[in-house]
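A.B. asks: Questions regarding the structure given below will be posed in turn.
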Amino acid sequence: MARLVFAFLAGGLFGAGLFLSGMTDTAKVQGFLDVFGAWDPTLAFVMGGAMIPMALAWLYARGRRHSVLGSPLPAAPERRIDRGLVLGSVMFGTGWGLAGLCPGPAIAALSYGGPMLWIFVAAMLTGMALAPMLRTRLDKIVAAE
Amino acid sequence: MQLDWIWGLIGGMLIGTGGAVFLLVNGRIMGASGIIGTLIDGSAGRSSGEKLSFLGGVILLPLLLTLIPALRTVDTHISQMPLVLVAAGLLVGLGTRLANGCTSGHGVCGMSRLSVRGFAATACYILAGVASVAVFRHLLEVI
């Protein structure tokens, strides 16, 4: 039960932060990416602001093995920069620029975003459902080389 | 608005605090695409409840905040072209799962622990995003 409560709390903080920072406004996200137009630096402040508590949390987690509720803390990050990471991130960035939405804000705006937002979310969920297939194909191509 | 960067900083710190709670209390990395994606492709398993609860918070808190008039704009300024939204949604869904992370997982959580993959992914999606807006807004003028 405690896990569910704290997961809800974490999600609530995430959603409130996305809403208050303006990141659910696609114009502000596209404004950040529009370096050849009227550039809007807000997203950099959001990212910077988010990294402060998060970096402190990682420092606190260092040397500890278990979370407060007893589950193991994440292992050290992988270091390998593979094809999937680069190709996937380029695909994601292209869609992010096109619509001004990434997964978090798309979900955060679900209650008030209206039909156009729901179209985006439906397509995003479809993409996520198809991703394992794309990954298998990519692995085959890599293996064939 | 001139105060936008302050709102950005405040909102950002709330996002980071959410990530800190999820890490230190639940022992999980707060990555939106991973949380949604593993629920969609069925690989969430025993963590499903926790992830659904997290998403409940993500949806409910903004809804409550929209009830406070004049706090922030509720206009998402989203594109009115379904085709653009379908293409963008598919790219975001496929891409984030293929890369195993998005702005929250690779960006906020990855870079703050100095993860090489976090920095590499963030560089890729920001550069692709800049190129995407340059091409679709300034060259083709479709967005």
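A.B. asks: Going by how many other beta carbons lie within 10 Å of each one, how would you line up A:Trp118, B:Trp5, fewest first? Walk me through the numbers on the way to the answer.
C.D. replies: Numbers: A:Trp118 14, B:Trp5 19.
Final ranking by Cβ density, sparse to dense: A:Trp118, B:Trp5.
A.B. asks: A further question on this structure: Could you work out how far the C-alpha centroid of the range B:90-118 sits from that of the range A:47-87, in angstrom?
C.D. replies: Their Cα centres are 12 Å away from one another.
A.B. asks: Quickly work out the A:Arg79-to-A:Glu145 label distance, labels modelled 7 Å from Cα along the C-beta direction, and quote it in nm with one decimal.
C.D. replies: 2.1 nm
A.B. asks: Rounded, prolate or oblate for the range B:78-143? Axes are the square roots of the Cα gyration tensor eigenvalues, ordered a ≥ b ≥ c, and the cut-off for rounded is a/c under 1.5.
C.D. replies: Cα axes put the range B:78-143 in the prolate bin.
A.B. asks: Now for a separate question. Taking the Cβ of each residue in B:Ser104, B:Ser79, A:Ser67, A:Ser111 as the centre, tally the other Cβ atoms inside 10 Å and list the residues starting with the fewest. Let's see the in-between values first.
C.D. replies: Working: B:Ser104 28, B:Ser79 23, A:Ser67 20, A:Ser111 17.
Going from least to most buried by this count: A:Ser111, A:Ser67, B:Ser79, B:Ser104.
A.B. asks: In addition: Counting only other chains, what is the mean number of Cβ atoms within 10 angstrom of the Cβ of each residue in peptide B:64-75?
C.D. replies: Details: counts 5, 6, 5, 0, 0, 0, 0, 2, 6, 6, 8, 7.
Mean shielding count: 4.
A.B. asks: Within a Cβ distance under 12 Å of A:Ala108, other residues only, what is the Lys/Arg minus Asp/Glu net charge? Before the final figure, lay out the partial values.
C.D. replies: Working: positive: B:Arg72; negative: A:Asp25.
Combined, the nearby Lys, Arg, Asp and Glu give 0.
A.B. asks: What is the mean number of Cβ atoms from other protein chains located within 10 Å of the Cβ atom of each residue in peptide A:133-143, rounded to a whole number?
C.D. replies: 1
A.B. asks: Describe numerically, in nm with one decimal, the distance between label points set 7 Å from Cα along Cα→Cβ at B:Phe119 and at A:Val35.
C.D. replies: So the two model labels end up 1.7 nm from each other.
A.B. asks: Which value in deg cm²/dmol, rounded to the nearest 500, describes the helix-derived mean residue ellipticity at 222 nm for chain B, given -39,500 (n - 2.57) per DSSP H run of n ≥ 4 and division by the residue count? Before the final figure, lay out the partial values.
C.D. replies: Details: 5 runs with 84 residues, N = 143.
Value at 222 nm, helices only: -19500 deg cm²/dmol.
A.B. asks: Here's something else I'd like to know. Quick one: what do you get for the protein assembly as shown if you divide its Cα Rg by 2.2 N^0.38 Å?
C.D. replies: Details: Rg = 17.6 Å, N = 288, 2.2 N^0.38 = 18.9 Å.
After normalising by residue count via 2.2 N^0.38 Å, the value is 0.93.
A.B. asks: So for chain A, averaging the separation of alpha carbon pairs under 8 Å that are six or more residues apart and normalising by length, what relative contact order in percent results? Show your work: numbers first, answer last.
C.D. replies: Values: 70 pairs, mean separation 40.5, N = 145.
Normalised by residue count, the contact order of chain A is 28 percent.
A.B. asks: Counting pairs of alpha carbon atoms under 8 Å apart in space and at least six apart in sequence, what relative contact order in percent does chain B give? Display every interim value, and only then the final one.
C.D. replies: On the way: 73 pairs, mean separation 36.2, N = 143.
Relative contact order comes out at 25 percent.
Bear in mind these aren't lab numbers, they're just calculated from the coordinates by the rules spelled out. Everything quoted here is computed from the prediction, not taken from an experiment. Cβ: placed from backbone, ideal geometry, glycine included. Neighbour counts: every protein chain shown.
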